[in-house]
Amino acid sequence: MRVGLISDTHGLLRPEAKRFLHGSDCIIHAGDIGGPAILDQLASIAPVTAVRGNNDHGAWADALHQTRLLTLEGVAVYVLHDLAELDVDLHAAGVRVVIAGHSHRPKVSERDGIVYINPGSAGPRRFSLPVSVGELRIDGDKVSAQTVELDVMIAPATKTIKRARFRGGQ
């Protein structure tokens, strides 16, 4: 099973992210979505599970859970936006994978047999952090994860060019 991972879109779903997510069996958005249109676009690729981020507000966001506990191919996956707000005994819940966003820093790590994945930020670039997404692969009882930095077009700085008109003679 291929699970596409995305977070911190902040209202911008880049074409590069959509291309990466194509072929996913499902998509998990770890919050700071930016609006329901993002979820609609993702749902046109694969079924979506999303959690509310600290910047998601309004009636559409109120319908989202703060956390989700999913079972994908027999693997328990816990999803939240900010890892600092984790308040669950993961081992007691049988969780094997935790997915969180918020920091905009892509990272995969393992602690005490639990895989932690932050797909980073797929939305507007923040500081010098990469624009990234991730994927979780589940094959029986084996799980693997990676983050991928997207090669995105960066808009060139707008330059104001002053033109002087030359009038001949004098």
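The values are calculated or read from the model by the stated rules, or taken from the named source; none is laboratory data. Since the structure is predicted, the reported quantities are computational estimates derived from the model, not experimental observations. We place every Cβ from the backbone using ideal geometry, glycine too, and count neighbours over all the protein chains shown.
Quick one: is Ser128 loosely packed, with under 14 Cβ neighbours inside 10 Å and within 21 Å of Glu149 (Cα to Cα)? The answer is yes for Ser128. Candidates in the stretch 104-125 are the residues that are without any contact (Cβ under 8 Å) to a residue 60 or more places away in the chain and in a loop (DSSP other than H, G, I, E, B); of these, the one that is surrounded by the most Cβ atoms within 10 Å (Cβ to Cβ) is Pro106.
Note on the stretch 84-122: residues that are modelled with pLDDT of 95 or more, over 24 Å from Asp139 (Cα atoms) and among the acidic types (Asp, Glu) amount to 2. There is no residue in the stretch 137-144 that is in a loop (DSSP other than H, G, I, E, B), of a type in the set (Asp, Glu), modelled with pLDDT of 95 or more and surrounded by fewer than 12 Cβ atoms within 10 Å (Cβ to Cβ). Listed by first and then second residue, the pairs with beta-carbon distance under 6 Å, at least 6 apart or on different chains, first residue in the stretch 12-41 and surrounded by fewer than 16 Cβ atoms within 10 Å (Cβ to Cβ), second of a type outside the set (A, V, I, L, M, F, W, C) and assigned to a strand (DSSP E or B), are Asp25/Arg2.
Applying the selection to the stretch 42-53, what residues are in contact (Cβ under 8 Å) with a residue 24 or more places away in the chain and more than 20 Å from Val131 (Cβ to Cβ)? Passing the criteria: Ala46, Thr49, Val51, Arg52. When residues in the stretch 117-130 are screened for being farther than 14 Å from Asp32 by Cα and in contact with an Asp or Glu (Cβ under 7 Å, 6 or more places away or on another chain), 1 of them pass.
For a quick check of your reading: which strands (runs of 3 or more DSSP E) sit entirely within the stretch 1-103 and have at least 1 residues that are of a type in the set (Phe, Trp, Tyr)? Let's see the steps before the verdict.
On the way: elements: 2-6, 26-29, 48-50, 67-72, 75-80, 95-99.
Strands (runs of 3 or more DSSP E) meeting the threshold: 75-80.
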